[in-house]
Amino acid sequence: MNEQNTTAPVVSLRGLRPGDLGWVTWRHAVYYHAALGWDTTYETLIARITAAYGERHDPVRERAWIAEVDGEPVGSVFCVKADRPGEVAQLRLLLLEEKARGLGIGGRLVDACLDFARAAGYREMVLWTVAGLDASRHLYVKAGFQIESEGPERLFGDDVIAQWWHLDL
C-alpha cells in the first residue's frame, strides 16, 4: 500500500540572509521572462533595486521578507521609503512562485509589509505594477489598495499598462 505524505507544508516568512538579494533578482527575471516575455532590462531594474536596498536601506524604516515553504524560498516583498514627499512607503518586489500559490503566502507577505509600514510611522503606501497580473491585483485589492494612475508604456521589451496603486495607512 502506498502511504501518502499528509504533512502540511511548513510556511515561514523571514528577513534577508546572504544570497537573498541575488535570489530575488534572479527569480524575478526568470519568472517575468517566462510569464510575460520580458527582456533583460527588467532584470537590470530589479538588480538596481536590490543593490540599492543592500547598500543603503534604513533598517528602522525599511525591511524585506523572504517566504519559504519547507525551507525553500518561494517569495519576496520589500517595504522601502517611497521617492515621494511625506511619510510614504512603497511595497516593492512582491513575488510568489506559482507552486506556492493557494497557501495564503501572498497575503502574508502583503500583510507583513503593511504592518511594518504602519509600525514604522508611514501614513501611506504606494506600489507600482502593470495591468494583467491578476494574482497580485487580487492581493492589492483585498488589502485596500486603489489605482491612483495608469497608462500605456513601452517597458522591458513589451507594451504594458503601468499602474500606481495607493493605500492610506
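Among the residues of region 51-61, which ones are open to solvent by less than 50 Å² (accessible area, probe 1.4 Å) and of a type in the set (A, V, I, L, M, F, W, C)?
Of everything in region 51-61, those that are open to solvent by less than 50 Å² (accessible area, probe 1.4 Å) and of a type in the set (A, V, I, L, M, F, W, C) turn out to be Ala51, Ala52.
Inside region 148-166, can you point out the residues that are of a type in the set (A, V, I, L, M, F, W, C) and either in contact with a strand residue (DSSP E or B) (Cβ under 8 Å, 6 or more places away or on another chain) or loosely packed, with under 13 Cβ neighbours inside 10 Å (or both)?
Leu155, Val160, Ile161, Ala162, Trp164, Trp165
Does Pro85 satisfy the criteria of being assigned to a loop (DSSP other than H, G, I, E, B) and closer than 20 Å to Pro18 by Cβ?
In short, no.
Taking only region 1-31 into account, find how many residues are over 22 Å from Gly102 (Cβ atoms), modelled with pLDDT under 95 and either touching a helix residue (DSSP H, G or I) at 6+ places or on another chain (Cβ under 6 Å) or not acidic (Asp, Glu) (or both).
Residues meeting the conditions: 2.
Looking at region 15-39 only, could you name the residues that are loosely packed, with under 12 Cβ neighbours inside 10 Å and in a loop (DSSP other than H, G, I, E, B)?
Answer for region 15-39, where residues must be loosely packed, with under 12 Cβ neighbours inside 10 Å and in a loop (DSSP other than H, G, I, E, B): Gly15, Arg17, Pro18, Gly19, Gly37.
Of the residues in region 112-162, how many are in contact (Cβ under 8 Å) with a residue 12 or more places away in the chain and under 29 Å from Val60 (Cβ atoms)?
Of the residues in region 112-162, 25 are in contact (Cβ under 8 Å) with a residue 12 or more places away in the chain and under 29 Å from Val60 (Cβ atoms).
Could you list all residues from region 100-109 that are open to solvent by less than 30 Å² (accessible area, probe 1.4 Å) and either over 19 Å from Tyr31 (Cα atoms) or aromatic (Phe, Trp, Tyr) (or both)?
Listed by number, the list holds a single entry, Gly107.
Just wondering, is there one or more residues in region 40-50 that are in a loop (DSSP other than H, G, I, E, B) and either under 15 Å from the mean Cα position of the chain (by Cα) or crowded, with 17+ Cβ neighbours inside 10 Å (or both)?
no
What number of residues within region 62-99 are surrounded by 19 or more Cβ atoms within 10 Å (Cβ to Cβ) and at pLDDT below 95?
Final tally of qualifying residues: 0.
A quick yes/no check of all residues on (1) surrounded by fewer than 16 Cβ atoms within 10 Å (Cβ to Cβ); (2) within 15 Å of the chain's Cα centre (by Cα):
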position: Arg123; (1), (2): yes, no
position: Leu127; (1), (2): no, yes
position: Leu133; (1), (2): no, yes
position: His138; (1), (2): yes, yes
position: Gln146; (1), (2): yes, no
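The values are calculated or read from the model by the stated rules, or taken from the named source; none is laboratory data. Everything numeric here is computed off the predicted structure, so don't read it as measured data. Glycine also receives a Cβ, built like all others from the backbone with ideal geometry; neighbour counts cover every protein chain displayed. The accessibility values were calculated without ligands, DNA or RNA, using every heavy atom of the protein model including side chains. Shrake-Rupley method; radii C 1.70, N 1.55, O 1.52, S 1.80 Å.
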